[in-house]
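Working notes, beginning with the structure itself.
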Amino acid sequence: MRAVITVIGHDAIGILAKVSTRCSEYNANVIEVTQSVLQDVFAMIMLVDISNLSIPFAELSDNMSALGKDLSLSIHTMHEDIFNCMHHI
Amino acid sequence: MLNAYDILETIRMIQDECLDIRTITMGISLLDCIDNNIDVACENVYNKITSCAENLVSVANDISKEFGIPIINKRISVTPIAIVSAACKCSPVKFAHAMDRAAKAVGVDLIGGYSALVQKGFSAGDIELINSIPEALSTTEKVCSSVNIGSTKTGINLDACKIMGKIVKDCAESTVDKACFGAAKLVVFCNAVEDNPFMAGAFHGVGEPDVMINVGVSGPGVVRAALSKYPDANITEISDIIKKTSYKITRVGQLVGVTASERLGVPFGIVDLSLAPTPAVGDSVAHILEEIGLEQCGTHGTTATLALLNDAVKKGGVMACSRIGGLSGAFIPVSEDAGMIDAAKSGCLTIEKLEAMTAVCSVGLDMIVVPGDTEPDIIAAIIADEAAIGMVNTKTTAVRIIPAIGMDVGDELDWGGLFGCGPVMPLKKQSPSKFINRGGQIPAPLHSLKN
């Protein structure tokens, strides 16, 4: 089972570190990260393995959103199936 | 492999373009609750609903968080109560109260199925149920009611049209203190479907399994946003863009439905391929038609653009899910669509145009506010007109109009939330009473004889 964490907002120092630290706290293994900064807008997409998650998925999603609020960023944590089903036949 | 563009597109659809799952509806059969003692039957109904739907809301909320997509409504539909209550031989209003208590206990938004199917005549329990609808809807919060008065196979029960004209008015009068909201919880159908997940017309047909999960999707905002990127596309290209968008929307419905069905241990029924608007900015079906090229919804060209939209939504959605059902198509509830509200206020959208629109899209005259002094026979004739469109075109049509008691053209009823607000729309004053009072059955059309 894998999830996609997307982080969008103003660029700042340590965003990747803070999000990946939180992933490790919940035993979510980061598999792949892509990030770009365009005109100060930071966009990061992180693929994480959630097979051995230490908390329920819904809680992970809530906690990541809360982290986003603290950092003034928009963080979405979504199961990869929603993207696979929408964009692949 | 996932790519960044696809991921960001999905998030934009949900965040900015109001993509959501409009409803997860659990259909529950109450046939095994029947008893000739109404109190025993009601207890059976309460127990069955609360045990089947115990986890519906929590499972839907978990799925919503995991996939990051809002699931707006969690609902229940049940076997038409006229069938369940027939053996009791008394007013079935106690069933409405049992349904309301059960709906509140499990935390769903609405419960549908306070219904009767009388397209070919009245059987035991039907008249009692129909007569009790105003009381049932004015003394409950979550109960929705529907009555099927016609079908392509049977024709139209004109006696039932007449009765329903009065019942609609009574429902409004008995809920004047709630902005006549009773009438908004009552739908009169022709060709009602048995697996519809949308309210107020959902009921669980007798041919359905014991318990089932049906899903209704939505996304007018997504379709409009997709079209806005192609301002110079020709109409064939417009149809293709709608199909592709509808495919994506419907795939999410399929995913959510299958996941909910697995977790609840209940068979998955259908996805209703729908474009259901809300009064929220950017969630309007009327605005899609305007994006295609109308100055305002309701003007000449509205029927053609809506026909194209409705057809493309189905064609795109049909490959995206394993089974399709319900009402599938674009909805045009006036009070629930910001573009329709504006068009009705400006006078561009009239009830006659809405009637034409119902011939080419999902359902019918929906959430339309009419003057409070409208005679019941006029409402009955509106129902008969709409049923005729459904009967002849072999499609579902419905009437959900709200007589605004004490109000006239120029006034407005406001319910807030998803139900929105509606300006009072003018009706013809000339009487159809002689036609309505003839009674009897309008025979089924020739093309009903397909065997």
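The figures follow:
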quantity: Amide H partners (placed H, <5 Å) of residue B:77, local residues excluded; calculated: B:26, B:27, B:28, B:112
quantity: Radius 11 Å from Cβ of residue B:203, net charge of other residues (Lys, Arg +1; Asp, Glu -1); calculated: -3
quantity: Taking the convex hull of Cα positions in segment B:1-110, its mean projected area over all directions (nm²); calculated: 8.4
quantity: Cα pair distances of segment B:216-441 binned at 10 Å [whole percent]; calculated: 8, 31, 33, 19, 8, 0
quantity: Cα-Cα separations in chain A greater than 23 Å, expressed as whole percent; calculated: 19
quantity: For the protein assembly as shown, accessible area per residue (1.4 Å probe, heavy atoms of protein chains only), Å²; calculated: 38
quantity: Equivalent-ellipsoid semi-axes of the protein assembly as shown, from the Cα gyration tensor, Å, largest first; calculated: 42, 28, 20
quantity: Partner lysines for residue B:89 [C-alpha distance under 30 Å; skip if fewer than 8 residues away on the same chain]; calculated: B:48, B:104, B:120, B:142, B:153, B:162, B:166, B:169, B:185
quantity: Ratio Rg/Rh [Cα only; Rh per Kirkwood] for segment B:63-168; calculated: 1.06
quantity: Residues losing 30 Å² or more accessible surface upon assembly, segment B:41-81, compared with the chain by itself, 1.4 Å; calculated: B:65, B:66, B:67
quantity: Structure-based [θ]222 nm, chain A - -39500 (n - 2.57) summed over DSSP H runs of at least 4, per residue, nearest 500; calculated: -11000 deg cm²/dmol
quantity: Relative intensity, log₁₀ I(q)/I(0), of segment B:153-199 from a Debye sum that treats every alpha carbon as a point, q = 0.15, 0.26, 0.31 Å⁻¹; calculated: -0.50, -0.96, -1.06
quantity: Burial order of peptide ranges B:67-78, A:28-39 (average beta-carbon count within 10 Å, highest first); calculated: B:67-78, A:28-39
quantity: Within-12-Å neighbourhood charge of residue B:131 [Cβ basis; K, R +1; D, E -1]; calculated: -3
quantity: Cα centroid of segment B:161-224 to Cα centroid of segment B:66-119, whole Å; calculated: 11
quantity: Charge dipole (the protein assembly as shown, unit charges on Cβ, about Cα centre) - positive-most of B:326, B:55, A:53; calculated: B:326
quantity: Shape parameters for segment B:338-401, alpha-carbon atoms, Rg then Dmax in Å; calculated: 11.9, 33
quantity: Cα gyration tensor shape of chain B, rounded if a/c is under 1.5, else prolate or oblate by comparing a/b with b/c; calculated: oblate
quantity: Among beta bridges that DSSP assigns inside segment B:216-441, antiparallel share in %, nearest 5; calculated: 25
quantity: Positions from segment A:54-89 whose accessible area shrinks by 50 Å² or more when the full protein complex is built, not the chain alone, probe 1.4 Å; calculated: A:58, A:76, A:78, A:82, A:83, A:85, A:86, A:87, A:88, A:89
quantity: Calculated FRET efficiency for the pair residue B:352/residue A:39, C-beta based, R₀ 41 Å, to 0.05; calculated: 0.20
quantity: For segment B:81-165, share of DSSP beta bridges that run antiparallel, in % to the nearest 5; calculated: 25
quantity: Reachable aspartates and glutamates, given that their alpha-carbon falls under 14 Å from the alpha-carbon of residue B:353 and they are not under 8 places away in the same chain; calculated: B:366, B:385, B:386
quantity: Span-rule helices in chain B, defined as complete DSSP H runs reaching 18 Å or more along the axis (Cα) with Kyte mean at least 1.0; calculated: B:376-393
quantity: Inter-centroid distance (Cα atoms) of segment A:13-38 relative to segment B:308-377, Å; calculated: 46
quantity: Unit charges on C-beta of K, R, D, E only; dipole of chain B, Debye; calculated: 880
quantity: Solvent-accessible area, 1.4 Å probe, carbon plus sulfur percent, for segment B:250-359; calculated: 53
quantity: Under-5 Å amide H pairs with residue B:328, H placed in peptide plane, nonlocal only; calculated: B:273
quantity: Area hidden from solvent between B and A (accessible, protein heavy atoms only, 1.4 Å, total, Å²); calculated: 2200
quantity: Under 16 Å from residue B:229, Cα to Cα: aspartates and glutamates that are on another chain or at least 8 residues apart; calculated: B:9, B:16, B:17, B:237, B:240, B:290, B:291
quantity: Around residue B:292: net Lys/Arg minus Asp/Glu count, Cβ-Cβ under 15 Å; calculated: -4
quantity: Calculated FRET efficiency for the pair residue B:139/residue A:74, C-beta based, R₀ 56 Å, to 0.05; calculated: 0.80
quantity: Carbon/sulfur fraction of accessible area - segment B:44-132, other protein chains in place, 1.4 Å, %; calculated: 50
quantity: Bridge type composition, segment B:23-190 - antiparallel percent by DSSP, nearest 5; calculated: 10
quantity: Table column - 3J(HN,Hα) (Hz), segment B:410-421, Karplus curve with 6.51, -1.76, 1.60, x for Gly and Pro; calculated: x, 8, 8, 9, 10, 9, x, x, 5, 7, x, 9
quantity: Where labels lie 7 Å past Cα in the beta-carbon direction, separation of residue A:24 and residue B:442 in nm; calculated: 7.2
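The values are calculated or read from the model by the stated rules, or taken from the named source; none is laboratory data. Just so you know, these numbers come straight off a predicted model, no measurement behind them. Virtual Cβ from ideal backbone geometry, glycine too; neighbours counted across all protein chains shown. Areas reflect the complete protein model, heavy atoms only, side chains present, ligands, DNA and RNA absent. Shrake-Rupley method; radii C 1.70, N 1.55, O 1.52, S 1.80 Å.
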